[in-house]
Amino acid sequence: MKTQYYTATSLDGYLATEDDSLDWLFPLGDLDNSSYPEFLSGVGALAMGSSTYEWMVRNAEMVSAETGSAWPYSQPAWIFSRRELPIIEGTDIRFVQGDVRPVHADMRSAAGTKNIWIVGGGDLAGQFHDAGLLDELIIQVGSVTLGQGKPLFPRRVLSPVLRLTDVRQMGEGMVELRYSIRKR
């Protein structure tokens, strides 16, 4: 079982624009021609920050058209937020806040032998890293630059903590980088 941060970023290291748009991402590739289907089949629980969750709520129609459901996950999800957010009906969503460590323990229990996916954002993934709980980064880098926006991983992580384990080209617009994280 691993705790994995699986995400996409622009070439200059941004997950989304400053107004949380992901419009830059969709023309670059096709989920079915990526590692996503195999990755998702190995996920037993997921963690998501409030901005990512709010993007899902705002874009429910688009998500539903792409995946067949406004909430495309059957796994239990922990949403980290200090704000009260709308609930997507028919989901196993748990709103939490504070230290990621006790939540991670609950996620491990729910995931069984499967992996935990840190969906986003970058600061939430950084909190799992800071707590020594993050095992792997799976980063799909798109052939665009945004200039500014929501950072991929707003932490200083110096070598030799990250070990590149795989590189895979995905069409003409994306490359996937996999890094294992060496524990201290």
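How long is the gain from residue 105 to residue 165 if the chain were fully straight, where each residue apart is worth 0.36 nm and the alpha carbon distance is subtracted?
Contour length minus Cα-Cα distance gives 18.9 nm.
Taking the simple approach of a point 7 Å from Cα along Cα-to-Cβ for both residue 180 and residue 30, what is their distance in nm?
Distance between the two pseudo-spin positions: 3.3 nm.
³J(HN,Hα) across the stretch 44-60 via Karplus (A = 6.51, B = -1.76, C = 1.60, θ = phi - 60°), whole Hz, x for Gly/Pro?
With the stated coefficients, the stretch 44-60 comes to x, 7, 9, 10, 9, x, 5, 5, 5, 4, 4, 4, 4, 5, 5, 10, 4 Hz.
If the label point is 7 Å along Cα→Cβ of residue 11, which residues in the stretch 111-154 have backbone nitrogen under 15 Å from it?
141-148
Taking 7 Å along the Cα-to-C-beta vector as the label spot, tell me the residue 148-residue 130 distance in nanometres, rounded to one decimal.
Distance between the two pseudo-spin positions: 2.4 nm.
With n ≥ 4 as the cut-off for DSSP H runs, can you work out [θ] at 222 nm for the chain, using -39500 (n - 2.57) per run divided by the number of residues, rounded to the nearest 500? Before the final figure, lay out each step's value.
Details: 5 runs with 44 residues, N = 184.
Computed mean residue ellipticity for the chain: -6500 deg cm²/dmol.
State to the nearest 20 debye the size of the charge dipole of the chain about its Cα centre, where the only charges are +1 on K and R beta carbons and -1 on D and E beta carbons. Please list the in-between numbers first.
Working: 17 positive and 23 negative charges, 213 e Å.
So the magnitude is around 1020 debye.
Using Cα-Cα distances under 8 Å and only pairs 6 or more residues apart, what relative contact order does the chain have, in percent? Intermediate values should be presented prior to the final figure.
Numbers: 341 pairs, mean separation 63.8, N = 184.
With pairs under 8 Å counted, the relative contact order is 35 percent.
Read the figures in this text as sums done on the coordinates, not as results from a lab. Small disclaimer: the values here were computed from a predicted structure and weren't measured. So basically every Cβ, Gly included, is an ideal-geometry build from the backbone, and we count neighbours across all protein chains shown.
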